[in-house]
Amino acid sequence: MTRTFAVVNQKGGVGKTTTSVNLAAALASFGQRVLLVDLDPQGNATMGSGIDKKQAGTTVYHVMLGLSDVASARMRPQGAAFDVLPANRELAGAEIELVGLAERESRLKQALDVCHEEYDFVLIDCPPSLSLITVNGLVAAREVLIPMQCEYYALEGLSDLVDTLRRIRTNLNPELQISGLLRTMYDPRNTLTLQVSDQLESHFSDKVYKTMIPRNVRLAEAPSHGIPAVVWDRTSKGAQAYLALAREVLGVSGAVRESDEDVRHD
Ligand code: ADP
Ligand code: MG
């Protein structure tokens, strides 16, 4: 069965897009069939996967408005092992255009349901807001992955997000679950990082991924090449962390450096 993740945090700059792109590439490198859905008008996941957002004629915007379907709009970036449903600034208009449409919260879900059998994983990179576009991501998903930087205000935003998830579970998507909080840009030399990280573990215990993503320059550089860091420099600390996260998501021990073949889809 397809596992559909919404990668969500209403804060910008916490690593949602970096996580979406690199987890997609990592899962694909383990033989998983992956669709990455860019649900942010900034189109960063599209560009970071190697697709020029200006060249993407048919996008997630057209899919959500019922003007196209996933099969026609998705693209396979050159050299990539996963599909991308691209986005560009046109998507910003959807926020208003959707309001008048029936079942406005479940447009993305309906579109994705049609192609479920083609994928093991669908990863939805949400915009930095709790808007109707994000709600579409949360209605389409079953699992929520929350990237967060371990800083002072991180926990404050988290309670708003948890409230939103609770509302969506009650009204729109009873199956929605927090799959995990992911500590990003982790710097163990920073005392505040360690304190916030401890607080997260005590509040959310098993909902915190064991894998932590370190601050790593290769993760920040890769988007300018349009190649996920996991592909561009697989041995870098950042890429290795996302490969470990993929193993954790797949339920294969992150600590063991098993051959990639072991988790290949058959
Ligand atoms: P979001 O999608 O939540 O806005 P991004 O994934 O775009 O966040 O990350 C914000 C910025 O931080 C980007 O410039 C990205 O390259 C950089 N970045 C993200 N994760 C890391 C990391 N682990 N180490 C270093 N830089 C990172
Ligand atoms: Mg982003």
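The values are calculated or read from the model by the stated rules, or taken from the named source; none is laboratory data. Quick caveat: nothing in here was measured; it's all calculated off a predicted structure. No Cβ is skipped: glycine too gets one built from the backbone with ideal geometry, and neighbour counts run over all protein chains shown. Only protein heavy atoms, including side chains, enter the accessible area calculation; ligands, DNA and RNA are left aside. Shrake-Rupley method; radii C 1.70, N 1.55, O 1.52, S 1.80 Å.
Let's see how each residue does on (1) open to solvent by less than 10 Å² (accessible area, probe 1.4 Å); (2) of a type outside the set (Ser, Thr, Tyr); (3) within 16 Å of ligand 1 (Cβ to nearest atom); (4) part of a loop (DSSP other than H, G, I, E, B):
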{"position": "Gly50", "(1), (2), (3), (4)": "no, yes, yes, yes"}
{"position": "Lys54", "(1), (2), (3), (4)": "no, yes, no, yes"}
{"position": "His62", "(1), (2), (3), (4)": "no, yes, no, no"}
{"position": "Pro77", "(1), (2), (3), (4)": "yes, yes, no, yes"}
{"position": "Ile96", "(1), (2), (3), (4)": "no, yes, no, no"}
Can you name the number of the only condition in (1) under 17 Å from Ser179 (Cα atoms); (2) open to solvent by less than 20 Å² (accessible area, probe 1.4 Å) that Ala45 fails?
(1)
Residues that are away from ligand 1 (no atom under 12 Å from the Cβ): which helices (runs of 4 or more DSSP H) entirely in the stretch 160-252 hold 1 or more of them?
191-204, 229-232, 237-250
Out of the residues in the stretch 149-172 meeting the condition of being of a type outside the set (D, E, K, R) and touching an Asp or Glu at 6+ places or on another chain (Cβ under 9 Å), tell me which one is nearest to Thr191 (Cα to Cα).
Cys150
More than 27 Å from Arg247 (Cα to Cα) and open to solvent by 70 Å² or more (accessible area, probe 1.4 Å), is that true of Glu156?
yes
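Here is a yes/no grid of residues against (1) of a type outside the set (Gly, Ala, Ser); (2) within 25 Å of Val230 (Cα to Cα):
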site	(1), (2)
Phe5	yes, yes
Gly15	no, yes
Val37	yes, yes
Ala87	no, yes
Glu90	yes, no
Would you please name the residue that is modelled with the highest pLDDT, looking only at residues in the stretch 110-131 that are open to solvent by 30 Å² or more (accessible area, probe 1.4 Å) and within 16 Å of ligand 1 (Cβ to nearest atom)?
Pro128
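Give Ser72, Ser106 a once-over and let me know the one that is among the small types (Gly, Ala, Ser), in a helix (DSSP H, G or I) and open to solvent by 60 Å² or more (accessible area, probe 1.4 Å).
Ser72
Conditions tested, residue by residue: (1) within 29 Å of Gly93 (Cα to Cα); (2) within 16 Å of ligand 2 (Cβ to nearest atom); (3) open to solvent by 10 Å² or more (accessible area, probe 1.4 Å); (4) over 18 Å from the mean Cα position of the chain (by Cα).
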position: Ile133; (1), (2), (3), (4): yes, yes, no, no
position: Leu161; (1), (2), (3), (4): yes, yes, no, no
position: Thr164; (1), (2), (3), (4): yes, no, yes, no
position: Asn171; (1), (2), (3), (4): yes, no, yes, yes
position: Arg183; (1), (2), (3), (4): no, no, no, no
position: Leu192; (1), (2), (3), (4): no, no, yes, yes
position: Ser224; (1), (2), (3), (4): yes, yes, yes, yes
Tell me which residues, restricted to the stretch 1-42, are buried (at least 23 other Cβ atoms within 10 Å of the Cβ), part of a loop (DSSP other than H, G, I, E, B) and more than 13 Å from ligand 2 (Cβ to nearest atom).
none
